[in-house]
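In what follows, a structure is listed as structure tokens, so that the remarks can point back to it.
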Amino acid sequence: MPAHSLNLNDRVALVTGGSRGIGRAISIALASAGAAVAVNYRQRENDAADVVAEIERAGGRAIAVCADVSVGDDVEAMIAEVENRLGLIDVLVNNAGTATIVDIDDLVEAEFDRTLAVNLKSAFLCTQAVLPGMRARRWGRIVNVSSAAARGPGLVGVHYNASKAGLEGLTRGYAARLAREGITVNAVAPGPIDTEMAGPLKASNVAERLPVGRLGEASEVAEVVLMVVGNAFITGQTIPVNGGASFI
């Protein structure tokens, strides 16, 4: 859905992990549709500031907010800051994630726990925090950024598979319970996307094995996020964006 066909004027969006890659593209796309955007980051303050500056140059409104979204207290403080500076959150995109490549022989408990905390628990914490405002207004859009690894072998490791499969289960659970309240919850599952984290994908020549013959662009994922934000009849779904890598 082109940004100009979706009107998010007077809406507030929060994108976790919004400082680079797919999160950056989603932040810019939401702003182009009229939303005031909170760009969350954990360490990359300069990158987040760059996203905010790009949005502002185009005439949009944006702020950068620092938080480790796998930590409940950080999430509470982040939501309070966004609400104070921009207003109640209408659109939540749970995009923050980690993807450390570890084989099963080297995977340890600490890495498994960290991956589930960043990729799955963070979505739960942020969703719980924004729901009171969405339910009061009977309007909300929650989009969880999953991965082709949720339903396939993936290249990262079983810890990553588990975190993204859990995220899709979380999506369906919330969707079923919130649909009558005007709140949709969906997942978007990118396949191989050409971002800063795509080094291993390029090294393994994944692009040549995709039906489309190339890696995806972050903007192509952002377009699908806009599509589900703009559609009140789609909920509980996972939308694959994978260049034909799988057909589900």
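The values are calculated or read from the model by the stated rules, or taken from the named source; none is laboratory data. It should be emphasised that the depicted structure is a prediction, and the values quoted were computed from it without experimental measurement. Ideal geometry is used to build each Cβ from the backbone, glycine not excepted, and the neighbour counts take in all protein chains shown.
Condition first: more than 13 Å from the chain's Cα centre (by Cα) and closer than 23 Å to Leu120 by Cβ. Can you find one or more residues in the range 218-228 that meet it? The answer is no, given that none of the residues of the range 218-228 is more than 13 Å from the chain's Cα centre (by Cα) and closer than 23 Å to Leu120 by Cβ.
Report yes if some residue within the range 83-96 is in contact (Cβ under 8 Å) with a residue 12 or more places away in the chain, surrounded by fewer than 18 Cβ atoms within 10 Å (Cβ to Cβ) and in contact with a Lys or Arg (Cβ under 8 Å, 6 or more places away or on another chain); otherwise report no. Taking every residue of the range 83-96 in turn, at least one turns out to be in contact (Cβ under 8 Å) with a residue 12 or more places away in the chain, surrounded by fewer than 18 Cβ atoms within 10 Å (Cβ to Cβ) and in contact with a Lys or Arg (Cβ under 8 Å, 6 or more places away or on another chain). For beta carbons closer than 6 Å, sequence separation of 6+ or different chains, a first residue in the range 43-55 that is more than 16 Å from Leu14 (Cα to Cα) and surrounded by 15 or more Cβ atoms within 10 Å (Cβ to Cβ) and a second that is modelled with pLDDT under 95 and among the small types (Gly, Ala, Ser), there are no qualifying pairs.
The selection criterion, being of a type outside the set (S, T, N, Q), assigned to a loop (DSSP other than H, G, I, E, B) and surrounded by 16 or more Cβ atoms within 10 Å (Cβ to Cβ), holds for Ala245. Asn46 falls short on exactly one of the conditions (1) within 28 Å of Pro192 (Cβ to Cβ); (2) more than 17 Å from the chain's Cα centre (by Cα); (3) in a loop (DSSP other than H, G, I, E, B), and that condition is (3).
Can you tell me which of Ile55, Ile89 is touching a strand residue (DSSP E or B) at 6+ places or on another chain (Cβ under 9 Å), closer than 24 Å to Gly140 by Cβ and not in a helix (DSSP H, G or I)?
Details: Ile55 fails: not in a helix (DSSP H, G or I).
So the residue among Ile55, Ile89 that is touching a strand residue (DSSP E or B) at 6+ places or on another chain (Cβ under 9 Å), closer than 24 Å to Gly140 by Cβ and not in a helix (DSSP H, G or I) is Ile89.
Close contacts from the range 57-69, counting a first residue that is among the charged types (D, E, K, R) and a second that is surrounded by 16 or more Cβ atoms within 10 Å (Cβ to Cβ), with Cβ to Cβ under 6 Å and a gap of 6+ residues or different chains, come to Arg61/Ala36; Asp68/Arg42; Asp68/Asp74. When the range 147-181 is filtered for residues that are closer than 18 Å to Ala245 by Cα and free of Cβ contacts under 8 Å to residues at least 12 places away in the same chain, the ones remaining, listed by number, are Pro153, Gly154.
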